[in-house]
Structures are given as structure tokens and as C-alpha cells.
């Protein structure tokens, strides 16, 4: 993501044009580019922290920001921890986070399964899979008792990252599952044969709180909530948390909120910072220290059907998702 640029890039700066008595004096020499570079440059893809500072780094809300270590290699794989990526509001960076977090964990040597659980199939398309050309998707696994998950798994171009694709057929499952016995636990049954094969299973939920999302929450160990840094996005979080608590009480006692991830953050705006501060007031340390900045590179990577860690591996957006993966591992929310 491009850093905040100075207006000095378009016209030279001068060091004072008047004396203390108001007399004209010879203009000072323009500030050189090397002098200008001494000023700290804010990069809102990486928590809005200054690149040059003598103080200990802090996150957006002022908490000390540790250096999350690179995860150590695993001696063995599995059983997988299932994380539901959930927010009933669309356009909050949910699928982008699912893809890039999965790719980054895979980059760190974790075996990752990404479950596309949205009828739009955006996660599938974002990983270079055209789900409309597939004979079998996650829909078949939900609705057909004899379906084998290994026949539906698709290896992606990212090493260690597999996909359970989805397409528009999945929208019918919302209605068809209503009459099923233990209808909230169908996804749990689907994933059971492969849980021991993966370290992390990420479920990209659709933007609703319907039966498919309840299935994801029932199967999951934890929930990650991507939250756009807009005040309107705050309104639905309370309803989502209420749904999570109901699922925990009635269907899945192990379910917990792993964290709330601030997305589309822009450190240049007071609005973004106020939203993050409000989330911290309400949820405390459930607010992750990593924030994901707003950048056109994410849609560019989606068009290229690649994670940003592949499309632009040194971009601040890729750096932020690597930090997110390290933070989740450090917190014990991922292997």
C-alpha cells in the first residue's frame, strides 16, 4: 500500500521567508529529498506505526506491539483447528482475509484447508478455481450421504493449501437442510474425515446469519470477525456476538471468539481510528493488534486469482497478513 505522501512532493518547501521584524530576507534553500525522508512516514497497512521511531512500537489503540515470532516448523500435522470467518455484513474483507490468512499459514508450513461456504464462490475464484466447471462441490457433501470429501478437495497453486469449492448450488442447501435431522451439524460431519489431515481449517461464511453460518459455527473451535473500519459496520457486531453465544450455549460449548480484525483501515482518517478505539472499548483484547489497511492491491490480487502473498509478496498488505498469521499462532488460535 502506498504510504501517505507529503504535499512537498509537488512544490519545494522553504525555511521561512521573513525576519522577525517582517523584513524580507533571502529565501532559504529548498528542503532536499534526503532531508524530507528523515520525517517518519506512516503506513496504514501495518498498524499506522511510524517506520522511524525511538519509542517502543504500539498498535492503533496504544497497546505495546510485540514482535510476533515466525512460527516454528511442526513435527507433525493435525488435528486441525476449525476457524469460522464470519460477519453478516458483506464487503468487510472476509473472503480476502480467508484467502490471505490461509495462504500465509501455508507459507509458514501449516497444512491448511479452506472451505468456501458462500454460494457466491468468491474464495474459490480468488484461488484460481472456477467452481461452475466442477461436477462436485461442498453442496454435494452436505446433501449426499455417500459423497466422499476426498473427491471434492481441490489442491490450489499455493503449497499446503487445499480448497473445498462452492458455487450457486450451495444456496439451495439453506432450504433443503431445514428438514434434516441435526441440521446444524452437517458441516461437522462433512469435515470429520479430514480434520486430522490439516493444522488449520478456515471456513469462509456467507454474509448472513442463516443455517449455513450456524453450521460453520457449530463445526468451529473459534470465530474470526473481520470488521470494516466504518461506524455502520459496528452495528451488526452485537447481533453476531449474540448469535455466537447462542450457538455456544445450545450447540457447540467449545466455540470462542478468536478475535476481531480491523480491515480497510486508513490511518490518515480520524474515523478509522475512532472505530478501532470503540471496538477496543467494547471487546478489549479480543481486538487483534494487527490491522489490515485499505489498498487497491487486494482487488488486483483477486482479479489475478492469487493471494496477495503471491501476487505482491513484499507489499504492506502481504506483510500485514503475515503478521496476522504470526499473531494468531502466538495467541494459540492457530497451530
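The values are calculated or read from the model by the stated rules, or taken from the named source; none is laboratory data. Note that the structure is a prediction, hence the values are computed from the model and not measured. Don't worry about glycine lacking a Cβ; one is built from the backbone with ideal geometry, like all the others, and counts go over all protein chains shown.
Key figures for this structure:
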item: Conditions (1) surrounded by fewer than 18 Cβ atoms within 10 Å (Cβ to Cβ); (2) modelled with pLDDT of 95 or more: number failed by residue 135; result: (2)
item: Options 56, 166, 75: the member that is free of Cβ contacts under 8 Å to residues at least 12 places away in the same chain, part of a loop (DSSP other than H, G, I, E, B) and closer than 20 Å to residue 201 by Cα; result: 75
item: Members of the range 81-108 found to be more than 13 Å from the chain's Cα centre (by Cα) and modelled with pLDDT of 95 or more, listed by number; result: 81, 82, 106, 107, 108
item: Subset of the range 100-132 [more than 27 Å from residue 315 (Cα to Cα), surrounded by fewer than 24 Cβ atoms within 10 Å (Cβ to Cβ) and in contact with a helix residue (DSSP H, G or I) (Cβ under 7 Å, 6 or more places away or on another chain)]; result: 119
item: Leading residue by the ranking (surrounded by the fewest Cβ atoms within 10 Å (Cβ to Cβ)) among those in the range 280-294 that are modelled with pLDDT under 90 and not in a helix (DSSP H, G or I); result: 294
item: Positions within the range 231-244 being outside any loop (DSSP other than H, G, I, E, B) and over 21 Å from residue 331 (Cα atoms), in sequence order; result: 231, 232, 233, 234, 237, 238, 239, 240, 242, 243
item: Residue check for residue 97: surrounded by 21 or more Cβ atoms within 10 Å (Cβ to Cβ) and within 20 Å of residue 317 (Cα to Cα); result: yes
item: In the range 285-325, the residues that are within 18 Å of residue 229 (Cβ to Cβ) and over 15 Å from the mean Cα position of the chain (by Cα); result: 296
item: In the range 120-146, the residues that are in a loop (DSSP other than H, G, I, E, B), without any contact (Cβ under 8 Å) to a residue 60 or more places away in the chain and under 14 Å from residue 98 (Cα atoms); result: 121
item: Selected residue [touching a residue at least 24 places away in the same chain (Cβ under 8 Å), crowded, with 19+ Cβ neighbours inside 10 Å, in contact with a helix residue (DSSP H, G or I) (Cβ under 8 Å, 6 or more places away or on another chain) and assigned to a loop (DSSP other than H, G, I, E, B)] from 261, 209, 227; result: 209
item: Counted residues, the range 320-335 - those being surrounded by fewer than 19 Cβ atoms within 10 Å (Cβ to Cβ) and part of a helix (DSSP H, G or I); result: 2
item: Qualifying residue in the range 186-204 (condition: surrounded by fewer than 22 Cβ atoms within 10 Å (Cβ to Cβ) and at pLDDT below 95); result: no
item: Matching residues in the range 147-163 - criterion: being farther than 18 Å from residue 193 by Cβ and either assigned to a helix (DSSP H, G or I) or in contact with a strand residue (DSSP E or B) (Cβ under 8 Å, 6 or more places away or on another chain) (or both); result: 156, 160, 161
item: Residue under evaluation residue 233, criteria (1) free of Cβ contacts under 8 Å to residues at least 12 places away in the same chain; (2) buried (at least 18 other Cβ atoms within 10 Å of the Cβ), criterion not met; result: (1)
item: Any hit, the range 55-67, residues being surrounded by 13 or more Cβ atoms within 10 Å (Cβ to Cβ), within 30 Å of residue 219 (Cα to Cα), at pLDDT 60 or above and in contact with a helix residue (DSSP H, G or I) (Cβ under 9 Å, 6 or more places away or on another chain); result: no
item: Test: residue 49 is modelled with pLDDT under 85, over 24 Å from residue 160 (Cα atoms) and crowded, with 20+ Cβ neighbours inside 10 Å; result: no
